[in-house]
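Participant: Encoded as structure tokens, here's the structure I'll be asking about.
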Amino acid sequence: MASPAFASGLFLPRQCKFATFNGLAKADRLTRDASMNSSSPKGDSVSSTRTFYIVDQQPQTMEKPTSGASEQVPYLLRAARGEKLDRPPVWMMRQAGRYMKAYRDLVEKYPSFRQRSEIPELAIEISLQPWRAFKPDGVIMFSDILTPLAGIGVEFDILEKKGPLISPAIRTEEQVDKLHPLEPEESLPFIREILQALRKEVGNEAAVLGFVGAPWTLATYVIEGQTSKNYTTIKSMAFSDPTVLHKLLGKLADCIAEYCRYQIDSGAQVVQMFDSWAGHLSPQDYDTFAAPYQRRVVEQVKATHPDTPMILYISGSAGILERMGQTGVDIVSVDHTVDIAVARQRLGADMRVQGNMDPAILFGSHDMIRRRVHETIKKAGPTGHIMNLGHGVLVGTPEEAVGCFFESAKSFSHAAADHNTT
């Protein structure tokens with residue numbers, strides 16, 4: 001692997017064509033031009049003016065391995081394809097983020113989340129921080145599920161410690177009709193740069209994951225205008241004026257499918273779809289407002305990229321687990337409210353699974369972490385399992401505990417465990 005180059009203190013893989021900062025001057029200018037200041041008062045409209053510093057926006061062809069070890073399939077992809085493995089591949093939702101001091105240091109210099117996720121140098125650096133620290137089997141792009149919304153005409157900001165702000169919220173048929181199809185090469189060229197750089201850096205030592213939000217979850221933000229505890233606005237629309245909601249969900253599904261394909265074409269080897277708030281729906285309403293649009297995304301992606309594994313994650317999914325398995329995805333990411341052995345029985349032998357240790361266990365002792373990791377792996381079995389948490393890693397989690405999580409998963413052996421029980 002080529003030795004790293006450094007630009008303005010940020011790690012950059014060699015041969016990647018990126019704009020570089022002149023100290024903080026360009027980053028400061030971008031912050032002013034893009035109106036991404038995290039101190040914007042709640043309720044302010046979000047500016048549509050955005051400036052990106054991109055040297056080469058033309059699609060670049062991924063280098064193909066030619067011989068030897070470079071032809072090896074990343075370990076995570078082997079599990080995603082259903083191979084029987086002696087240990088599961090392991091990565092962690094939100095593995096790049098606030099629990100890491102290196103990330104918090106960057107936040108001090110670049111306080112806007114959109115700055116950190118849409119400037120290639122910053123997003124690449126953040127994505128690679130856990131890779132350098134823990135060598136997970138999956139490296140996920142640092143981004144946000146709302147990222148493609150600006151490309152269809154929904155402006156948003158993400159305020160530090162407050163979350164997303166969409167102003168004005170989309171609540172009328174006239175507003176929905178004004179949303180336009182996504183052209184990712186025009187509105188999201190930084191995504192291609194980020195994913196290509198990650199592929200070049202990790203090679204076949206890890207799989208590169210992209211991710212998207214599912215239509216229902218994106219619709220909750222678009223309609224509520226911000227995070228919500230009860231989702232009363234979108235649910236009122238669902239049960240009083242569902243026609244407008246269905247039209248919005250359809251447009252979001254087509255946008256997400258296009259975004260998925262763009263991520264795959266840019267280098268993502270696996271894509272995870274987060275429908276984080278679909279767990280707040282009853283099974284009947286999940287069948288009406290979430291599952292059909294998840295399926296619509298999957299069908300469009302599989303029509304052009306049939307061999308790229310897709311993962312579906314829903315928080316609080318115990319009551320709809322079987323329904324998740326019927327959406328066409330390859331892998332169901334199980335949250336920690338379900339015993340993973342029971343989840344495998346409910347989903348059937350052909351469905352691969354991901355998960356599902358409670359992230360709060362990482363506040364326990366290393367012995368506790370190791371024991372729970374091994375218990376989860378044993379219950380899941382040696383075929384078609386990716387070790388992960390049942391939710392994203394929590395803010396304040398000790399980095400040493402995260403290291404123990406990865407070490408425990410990587411040191412596990414199904415063969416040794418079977419021998420010890422006989």
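The values are calculated or read from the model by the stated rules, or taken from the named source; none is laboratory data. Note that the structure is a prediction, hence the values are computed from the model and not measured. Counting neighbours? That spans all protein chains shown, and the Cβs are built from the backbone with ideal geometry, glycine included. Each accessible area value is taken on the protein alone, full model and side chains, heavy atoms only, with ligands, DNA and RNA left out. Shrake-Rupley method; radii C 1.70, N 1.55, O 1.52, S 1.80 Å.
Participant: What are the aspartates and glutamates whose alpha-carbon lies under 12 Å from the alpha-carbon of Lys410, with same-chain residues fewer than 8 places away excluded?
Facilitator: Candidates past the 8-residue exclusion: Asp86, Asp137.
Participant: I would also like to ask the following. Label-point separation (nm) for Glu183 and Asp307, each offset 7 Å from Cα along Cα-to-Cβ?
Facilitator: 3.2
Participant: What is the local net charge at Asp177, summed over the other residues whose Cβ is closer than 13 Å to its Cβ (Lys, Arg +1; Asp, Glu -1)?
Facilitator: +2
Participant: Considering only protein heavy atoms, what is the solvent-accessible area of Arg371 at a probe of 1.4 Å, reported in Å² to the nearest 10?
Facilitator: Roughly 120 Å² of Arg371 is accessible to a 1.4 Å probe.
Participant: Let me ask something else about it. In the structure displayed, which of Lys162/Lys229; Lys135/Lys200; Lys200/Lys251; Lys247/Lys302; Lys135/Lys229 lie more than 25 Å apart, Cα to Cα?
Facilitator: With Cα atoms farther than 25 Å apart: Lys200/Lys251; Lys135/Lys229.
Participant: In terms of solvent-accessible area of protein heavy atoms at a 1.4 angstrom probe, what is the ranking of His385, His246, highest value first?
Facilitator: His246, His385
Participant: What number comes out for accessible area per residue over segment 354-394 if the probe is 1.4 Å? Units Å², please.
Facilitator: Averaged over the residues of segment 354-394, the accessible area is 37 Å².
Participant: Percent relative contact order of segment 133-281, based on C-alpha pairs within less than 8 angstrom and at least six residues apart?
Facilitator: Normalised by residue count, the contact order of segment 133-281 is 34 percent.
Participant: Oh, and also: So if R0 is 35 Å, what FRET efficiency would Ser167 and Asp86 give, r being the distance between their Cβ atoms, rounded to the nearest 0.05?
Facilitator: Efficiency at R0 = 35 Å is approximately 0.10.
Participant: Can I ask one more? Run the quick spin-label model on Val342 and Glu299: label points 7 Å from Cα toward the beta carbon, then report their separation in nm to one decimal.
Facilitator: 3.3
Participant: State in Å² the accessible area per residue of segment 146-198; use a 1.4 Å probe, count heavy atoms of protein chains only, and round to the nearest integer.
Facilitator: 38
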